[in-house]
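Have a look at the structure below before the remarks.
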Amino acid sequence: MFGLLALITASIFFGAAIYINVAEQPARLSLDGGAALREWGPAYRRGFEMQAPLAIISCLLGAAAWWQTGNPLWGLGAAVIILNWPYTLYIIMPINERLETTQPDQANAETRELIARWGKLHAGRSALGAAATAIYLIAAADGV
């Protein structure tokens with residue numbers, strides 16, 4: 001049961017992350033700098049509030065599945081999904097901080113470049129979510 005819940009939470013994380021990359025970010029980049037920044041702020045906060053707990057919950061469930069079954073794939077999936085935390089804190093957060101301190105009426109070409117770079121870096125979160133989901137799926141199939 002822990003493994004299936006880990007798979008579900010990782011899948012939800014991945015779905016949210018990929019949505020940001022394929023739908024939200026391109027729409028944001030079609031706006032002028034100030035509007036893009038105004039949209040980015042609340043969208044980022046809401047996304048963080050959803051995705052951060054999903055990564056932790058999925059990690060804990062994957063670790064529990066590993067403990068329960070002894071299948072190290074569950075542990076590997078847990079490690080991959082929780083990598084979103086350090087990746088976000090050390091790779092993406094410096095850009096977040098710069099964007100959060102910029103006023104929309106002061107947005108310029110550099111602001112747009114930061115938002116575009118943020119989206120490219122966010123694709124790393126999508127990749128980690130995809131990898132964790134795939135690993136959990138293999139672990140679940142291994143247990144069948």
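The values are calculated or read from the model by the stated rules, or taken from the named source; none is laboratory data. Please read these numbers as outputs of a predicted model, since none were measured by experiment. We place every Cβ from the backbone using ideal geometry, glycine too, and count neighbours over all the protein chains shown.
With respect to Q106, is the statement that it is within 16 Å of L7 (Cβ to Cβ), loosely packed, with under 14 Cβ neighbours inside 10 Å and of a type in the set (S, T, N, Q) true?
Details: within 16 Å of L7 (Cβ to Cβ): no; loosely packed, with under 14 Cβ neighbours inside 10 Å: yes; of a type in the set (S, T, N, Q): yes.
No, not satisfied.
Conditions first: (1) within 19 Å of the chain's Cα centre (by Cα); (2) at pLDDT 95 or above. P72 passes all but one, so which condition is the exception?
P72 satisfies all of (1) within 19 Å of the chain's Cα centre (by Cα); (2) at pLDDT 95 or above except (1).
Taking helices (runs of 4 or more DSSP H) that do not extend beyond segment 14-93, which have at least 3 residues that are in contact (Cβ under 8 Å) with a residue 12 or more places away in the chain and crowded, with 17+ Cβ neighbours inside 10 Å?
Details: elements: 25-29, 33-69, 72-82, 84-87.
Here the list reads 33-69, 72-82.
If you scan segment 118-136, which residues turn out to be surrounded by 14 or more Cβ atoms within 10 Å (Cβ to Cβ) and either of a type in the set (K, R) or not in a helix (DSSP H, G or I) (or both)? Let's see the steps before the verdict.
So the first thing to find is which residues in segment 118-136 are surrounded by 14 or more Cβ atoms within 10 Å (Cβ to Cβ), and the list is 118-119, 121-136.
Residue satisfying the conditions is R125 alone.
Acidic (D, E) and farther than 25 Å from A130 by Cβ - does that describe any residue in segment 80-103? Break it down stepwise before answering.
Here is the first cut: in segment 80-103, the ones acidic (D, E) are 97, 100.
So of that shortlist, the ones also farther than 25 Å from A130 by Cβ come out as 97, 100.
Yes, segment 80-103 contains at least one residue that is acidic (D, E) and farther than 25 Å from A130 by Cβ.
Looking at L83, L99 in this structure, which one is among the aliphatic types (A, V, I, L, M), at pLDDT below 95 and out of contact with any Asp or Glu (no Cβ under 9 Å at 6 or more places or on another chain)? Outline the logic, then answer.
Details: L83 fails: at pLDDT below 95.
Exactly one residue qualifies, and that residue is L99.
T9 - would you say it is at pLDDT below 95, of a type in the set (S, T, Y) and outside any loop (DSSP other than H, G, I, E, B)? It would help to see each step written out before you state the result.
Values: at pLDDT below 95: no; of a type in the set (S, T, Y): yes; outside any loop (DSSP other than H, G, I, E, B): yes.
Here the answer is no, as T9 does not meet what is asked.
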